[in-house]
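What follows is a short report on a single structure.
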Amino acid sequence: MNGEQLRIIWDFQLVLQLLLATLLGALVGLEREVHGRPAGLRTHILVCLGSALIIVSFDQLQDALANAGADILAMDPARAAAGVITGIGFLGAGTILKGKDHVMGLTTAASIWVVAAIGITTGLGQYFLAIVATVLVLFSLFVLHRIDIKSEHYGEIFLQGTGGTKFYESSRSEIISMGFHVKGYDIEAINKDGDIRIRFLVKYKQAEVGVGVIEKLFRIDGVNAVSWSR
């Protein structure tokens with residue numbers, strides 16, 4: 001086998017590395033796409049492919065310098081990988097959205113970060129590790145996503161009604177009976193007729209509270225207006 005044939009085989013292996021990185025990134029990105037996340041199929045493909053390309057190109061540059069006898073530059077692959085991971089951090093941060101009392105996009109940011117690591121692993125030729133990592137990531141996203149974990153949440157219930165302290169007591173009892181845990185409250189008197197506004201800070205588990213919160217709150221005696229913020 002002459003040098004030209006070896007070169008063709010080597011180039012074919014490099015193409016396979018990039019194709020594998022594209023496939024593995026697509027598998028993770030497809031899950032994000034199905035769930036309507038801001039970074040989906042194309043983003044994950046590009047991140048994984050780009051990471052693999054950087055490592056493969058870096059490795060090729062080292063070989064070219066070695067063949068040319070240029071041993072002056074000390075090139076560390078770990079530094080190239082660290083640069084990729086650092087850069088991906090900025091991209092992942094763009095997928096995180098913070099609301100008033102919730103944060104979205106953390107899983108997508110983490111998936112982008114791990115896809116970059118998978119791309120680096122693929123670029124280094126560690127195909128088995130890259131495939132195993134992809135399987136584990138897909139297991140975490142697909143399977144664990146379906147497991148119902150009764151996590152606790154915080155929210156605010158705003159009520160306006162008539163009855164003074166009696167309205168507060170009845171509304172508090174009703175809120176507790178719905179499955180909420182009252183952590184604090186503020187009361188504001190509107191007028192001398194007993195009209196008041198109450199803000200309840202509550203902790204709850206979605207499975208215990210259920211749906212139809214607004215409708216249930218309107219059943220409180222004396223209530224005129226209801227607002228539910230979570």
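The values are calculated or read from the model by the stated rules, or taken from the named source; none is laboratory data. If you're wondering where the values come from, they're calculated on a predicted model, not measured in any experiment. Heads up, the Cβs are rebuilt from the backbone with ideal geometry, glycines too, and the neighbour counts pull from every protein chain shown.
Quick notes on this one:
- Residue in segment 154-168 that is part of a helix (DSSP H, G or I), surrounded by 17 or more Cβ atoms within 10 Å (Cβ to Cβ), at pLDDT below 85 and on the phi < 0 side of the Ramachandran plot present: no
- With respect to the conditions (1) in contact with a Leu (Cβ under 6 Å, 6 or more places away or on another chain); (2) at pLDDT below 75, Gly29 falls short on a single one, namely (2).
- Qualifying positions in segment 171-220 - assigned to a helix (DSSP H, G or I) and surrounded by 15 or more Cβ atoms within 10 Å (Cβ to Cβ): Ser171, Arg172, Glu174, Ile175, Val209, Val213, Lys216, Leu217
- Members of segment 221-230 that are surrounded by 13 or more Cβ atoms within 10 Å (Cβ to Cβ) and not in a strand (DSSP E or B): Gly222, Arg230
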